[in-house]
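First up is the structure itself, then whatever we jot down about it.
Bear in mind that the values in this text are calculations on the coordinates, not laboratory data. All figures in this text were calculated on a predicted structure; none of them were measured in a lab. Positions of Cβ are generated from backbone atoms using ideal geometry, with glycine treated the same way; all protein chains shown enter the neighbour counts.
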Amino acid sequence: MKYSILAETYEKLEKESGKIKKTEILSELIKKIPTDILPKVILLVSGKIFPSYSEEKTGIANQMMIKAISKSTGISESEINNKLKDLGDLGLVAEDCIKLKKQKTLSQKSLTIENVYENIQKLSKIVGTGSQERKLNLITELLASAKPKEARYIVRTILETLRIGVAEGIIRDSIAKAFDVDPKIVENAWFLNANYGEIAKIAKEQGERGLKKVKIQLGKPIMVMLGEKAPTLEKALESYEKPALEYKYDGLRIQIHKKNDKIWLFTRRLEDVTKQFPDLVEYSKKAIKVKECLVEGETIGIDPETNRPIPFQELSKRIQRKYDIEKMVKKIPIQMHLFDVVYVDGKTLFDEKFENRRKILENIIKTIPNKFELAKQLVTKDIKKAQKFYEESLKANQEGLMVKNSQAKYKPGRRVGQWTKVKPVMESLDLVIVSAEWGKGKRSNWLSSFKIACREPNTGKFLACGKLGTGLKDEQFKELTKKLEKLIIESKGTKVRLKPKIVIEVAYEEIQKSPKYESGFALRFPRLIRFRPDKDIEEVDTKDRINKLYKQQFIKK
């Protein structure tokens, strides 16, 4: 199937802002796609080449793309950089350069969706000596065969900056509309197999019956059940007849999949971190007494000298480390605190009450003291006992408590009001950095004045809601600059626009209405709490959530 058809659809989606119209456009495309390439197309329209849980990445930065555009068009790199300053997007630059192409390609063949997809996938597999040159040649070949509009979207796809406003909700609804199935059934299947490409194929071939048969597959992460924030411990206790309180550990939520001697570890954003935590793999093999299971827990970092928990920010260094893993294991040892089980030896436990799942968890785990244990739990509705337990959690360097409904079933991928978080600080927000400015004086080599944004849930676009710049230490400015320099997609004077990728947890004094920012809201005195490498940009807090917190301010007053 010609890639030009996909490029035409991209352009329509990019120009359209309405969710309903976007869904119509995408569903019409999906209907026409042959079954064998449908999974690839669904990934491509979501701006991805690999499923979320894949470790594979294209690993292409702006500078290599500039070289590829130059090599495929004969236009100098300096001229391309000048165009980038004017247009602010390498996709548009590539489109313009192809139009001005100095070296016309002889017997140019039409690109197909299969050809583009497979060649971009190859980028992740090219390693070793000369890999950069081979990657450059592969991109150059694609661009040399591309028409101007095709080049725009090929470049954006490789750089993971597609920006056509297609969020997961639109993909879900488009699949449902194309194949006349219930969107909820589509989403439920995706919760257990987080690859809308595969879900679309099932919907097309087997309809609702096939979607309902989607089950947990060990080795593929599921979308986990999520908690909501409670204003107070009292409110949280009042929510349930039989509340179960657990430490809210300041760590990394991990789902452990076990199938005989094989162990997989996945984060809440579906990243495979098995290689980064060989110690947790060994603990799991020793402590889990059943052949097959999917259990969940919180992994925390431990200071080897004091044996006390360390902040999540320190543990995150292990998540990001790809080399010298054994050194990091010794430098930052870990503890695992399990709190749930959803699958054991062929049986899915979603319909079991939480108190029953806890008992099953206790029966299948042989704890390893201070290494692989169950989350500390207290079942009580007594506020004095709950308060004491809460204070114990804080003294243990943890974040607070999770208050759970003992009678609740497990609902993958949803915040259903059955788990609540109680923390001693005002409700923070998870936001993404979308732009910044180069500093002045002693900070002239660092990025500062970071514009932070929330998410528009229907389109997936990011809407600014404040600027972060005060209260950071020099080391934090350095760390942020190092992370963000690689993500610059446009520079104008001292200002830079960034690929939205770095998620941070932000505290603030209050939320105000403001026409200054696209969201319509402004955070007063926002400050960085920590980086959230465990969270995907699709988990960034929404404009709706900010509006809800804005209204709650007046209720509290």
On a 0 to 90° scale, report how tilted helix 543-556 is relative to the longest principal axis of the chain, with both axes built from alpha carbons and the result rounded to the nearest 10.
40 degrees
Percent antiparallel among DSSP beta bridges with both residues in the chain, to the nearest 5?
90 percent
Roughly speaking, what is the centre-to-centre gap between the stretch 195-222 and the stretch 384-415 when only Cα atoms are used, to the nearest Å?
33 Å
Going down the list Lys440/Lys543; Lys22/Lys220; Lys15/Lys495; Lys201/Lys258; Lys275/Lys331; Lys57/Lys492, which pairs span over 21 Å between their C-alpha atoms?
Lys440/Lys543; Lys22/Lys220; Lys15/Lys495; Lys201/Lys258; Lys57/Lys492
Mean separation of Cα contacts under 8 Å, 6 or more apart, over the residue count of the stretch 52-199: relative contact order %:
29 percent
Charge tally for neighbours of Lys12 with beta carbon under 11 Å away, counting Lys, Arg as +1 and Asp, Glu as -1, is -3
The base-10 log of I(q)/I(0) that the Debye equation returns for the stretch 143-225 at q = 0.21 Å⁻¹, one scatterer per C-alpha, is -0.91
Summing +1 per Lys or Arg and -1 per Asp or Glu among the other residues with Cβ less than 9 Å from Ile325's Cβ gives +3
Can you give the extra length, in nm with one decimal, that the chain gains between Arg415 and Thr348 once fully stretched, where that is 0.36 nm per residue apart less the Cα-Cα distance?
22.1 nm
Please give the length that would be gained between Val379 and Leu218 if that part of the chain were fully extended, namely 0.36 nm times their separation in residues minus their C-alpha to C-alpha distance (nm, one decimal).
54.9 nm
When the helices in the chain are scored as -39500 (n - 2.57) per DSSP H run of 4 or longer and the sum is shared across all residues, what 222 nm value do you end up with, to the nearest 500 deg cm²/dmol?
-12500 deg cm²/dmol
For the stretch 237-264 versus the stretch 328-367, the gap between their alpha-carbon centres in whole angstrom:
7 Å
Taking Cα atoms only, helix 474-485 is inclined relative to the longest principal axis of the chain by an angle, in degrees rounded to 10, of 40 degrees
Which whole-number percentage describes the relative contact order of the chain, with Cα contacts under 8 Å and a sequence gap of 6 or more?
13 percent
Inverse of mean 1/r across different Cα pairs in the stretch 48-159, Kirkwood, Å:
14.2 Å
Need one number: nm distance between label points at Arg308 and Met1, each 7 Å from Cα along Cα→Cβ, rounded to one decimal.
5.8 nm
